Amino acid sequence: MPITRIPNTPSPEELAEIVRMLPPDGVCRTCGRWRCASCGAQRSIRNRFSPRPHQCASCKSLDGEMLPSRHRDPVDHFIGFISMSVDDECSLRHPVAAPIPEAARQLIDSLREVTNALS
Ligand SMILES: [Zn+2]
Ligand SMILES: [Zn+2]
């Protein structure tokens, strides 16, 4: 059965469907490691949807880059990615260069249609 909403607690079937959509490169589309260009400090799990630029906690510089991060259990972060992508209020400001898997792209598009039809 196709997914028509983002479940808070996915059923085993929904989970299996989402696992099939995980990016094969294993790079998280929701977060990344941020590296400060000024002092080299790194922070893990910075949100790629953050509306503000990331700032270094050590030297306060805004100049830095998002590096890929991978998780031992990537499913929760990927569900988060899909729901934030569907939400018009969220935009992906610090994206990974690698593409989003086609199945996930289609799911996001169809969920957006459902959301728009309801509003
Ligand atoms: Zn992540
Ligand atoms: Zn710094």
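Numerical summary
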read-out	value
Residue selected from segment 88-119 under the condition at pLDDT 90 or above, among the charged types (D, E, K, R) and farther than 16 Å from residue 4 by Cβ, by the criterion surrounded by the fewest Cβ atoms within 10 Å (Cβ to Cβ)	102
Top-ranked residue in segment 55-82 [being in contact with a strand residue (DSSP E or B) (Cβ under 7 Å, 6 or more places away or on another chain) and under 30 Å from residue 110 (Cβ atoms); ranked as nearest to ligand 1 (Cβ to nearest atom)]	77
Entirely in segment 1-68, the strands (runs of 3 or more DSSP E) that have 3 or more residues that are open to solvent by 20 Å² or more (accessible area, probe 1.4 Å)	42-47, 64-68
Residue 27 being in contact with a strand residue (DSSP E or B) (Cβ under 6 Å, 6 or more places away or on another chain), among the aliphatic types (A, V, I, L, M) and in contact (Cβ under 8 Å) with a residue 24 or more places away in the chain	yes
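The values are calculated or read from the model by the stated rules, or taken from the named source; none is laboratory data. Here the structure is a predicted model, which is why all the values come from computation and not from measurement. Positions of Cβ are generated from backbone atoms using ideal geometry, with glycine treated the same way; all protein chains shown enter the neighbour counts. Note: areas computed on protein heavy atoms with side chains; ligands, DNA, RNA excluded. Shrake-Rupley method; radii C 1.70, N 1.55, O 1.52, S 1.80 Å.
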